[in-house]
Amino acid sequence: MKIKLFVTTLAVAAVLAGGAAMADRAEDAVKARRGYFQMLSFNLGGLAAMAKGEVDYNAVAAAKFTANLDALSDVDLGPLFLPGTDNQAMAGKTRSLPAIWSNPTGLVGRSEDFNEAIDLLSIAAAQGLNPLRSEIGKVGGACKACHDDFRAKDF
């Protein structure tokens, strides 16, 4: 259901794009998109620090991080990916590749992989440090796969 909504929102945004007001809207979308990914990174970072032994495993903190990740994985990202907000149209402001808009089904597939990895991580993190360690790499792999396909290495 989330995936269909994402593709539908992406299509509607493509139809509605245009005009000077969209320039401000595009910059806002990029800022919001970057903020969204910073939230993901922050919460994954807390879990990764536990998995690496940089901080002690804390079940309460792990539950909060995974609850946040679960909530973030439910966000409809369509409005954050307005047409014209790729790294060619907005050089220096985003690393989003045009492939996001030319291959939305590929992006949806990567999103599904990420959501599945987050679901498994949430279960594992609640079971303790060793299960957390065994699952967090899968989330990193899902992130990397999406970055490899849809994100430029640098601005």
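Within the range 75-94, the set of residues being part of a loop (DSSP other than H, G, I, E, B), crowded, with 17+ Cβ neighbours inside 10 Å and either touching a helix residue (DSSP H, G or I) at 6+ places or on another chain (Cβ under 9 Å) or of a type outside the set (S, T, N, Q) (or both) comprises 77, 81, 82, 83, 84, 85, 86, 90, 94. Restricting attention to the range 73-99, the residues that are touching a residue at least 40 places away in the same chain (Cβ under 8 Å) and closer than 27 Å to residue 122 by Cα add up to 8.
Only one entry of 142, 125, 99, 117 meets the criterion of being in contact with a Gly (Cβ under 9 Å, 6 or more places away or on another chain) and crowded, with 17+ Cβ neighbours inside 10 Å, and that entry is 117.
If the condition is being part of a helix (DSSP H, G or I) and more than 30 Å from residue 85 (Cα to Cα), then the range 49-71 contributes 49, 50, 51, 52, 59, 60, 61, 62, 63, 64.
Contact map, the range 31-54: residues that are at pLDDT 95 or above paired with residues that are of a type in the set (Lys, Arg), Cβ distance under 6 Å, separation 6+ or inter-chain. Pairs shown: 51/133.
So that you can scan it fast, the table gives a plain yes or no per residue for (1) closer than 18 Å to residue 38 by Cβ; (2) under 20 Å from the mean Cα position of the chain (by Cα); (3) not charged (D, E, K, R):
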{"position": "49", "(1), (2), (3)": "yes, yes, yes"}
{"position": "60", "(1), (2), (3)": "no, no, yes"}
{"position": "78", "(1), (2), (3)": "no, yes, yes"}
{"position": "89", "(1), (2), (3)": "no, no, yes"}
{"position": "98", "(1), (2), (3)": "no, yes, yes"}
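Scanning the range 117-136 for residues that are closer than 14 Å to residue 69 by Cβ and in contact (Cβ under 8 Å) with a residue 24 or more places away in the chain yields 117, 118, 119, 121, 122, 125, 126, 132, 136.
Whenever a residue of the range 137-151 is modelled with pLDDT of 95 or more, its partners that are assigned to a strand (DSSP E or B), lying with C-beta atoms within less than 9 angstrom and at least six residues away or across chains, give the pairs 150/96; 151/96.
The values are calculated or read from the model by the stated rules, or taken from the named source; none is laboratory data. On a predicted model such as this, the values are computed, not experimentally measured, just so you know. Neighbour counts run over all protein chains shown; Cβ positions are idealised from the backbone, glycine included.
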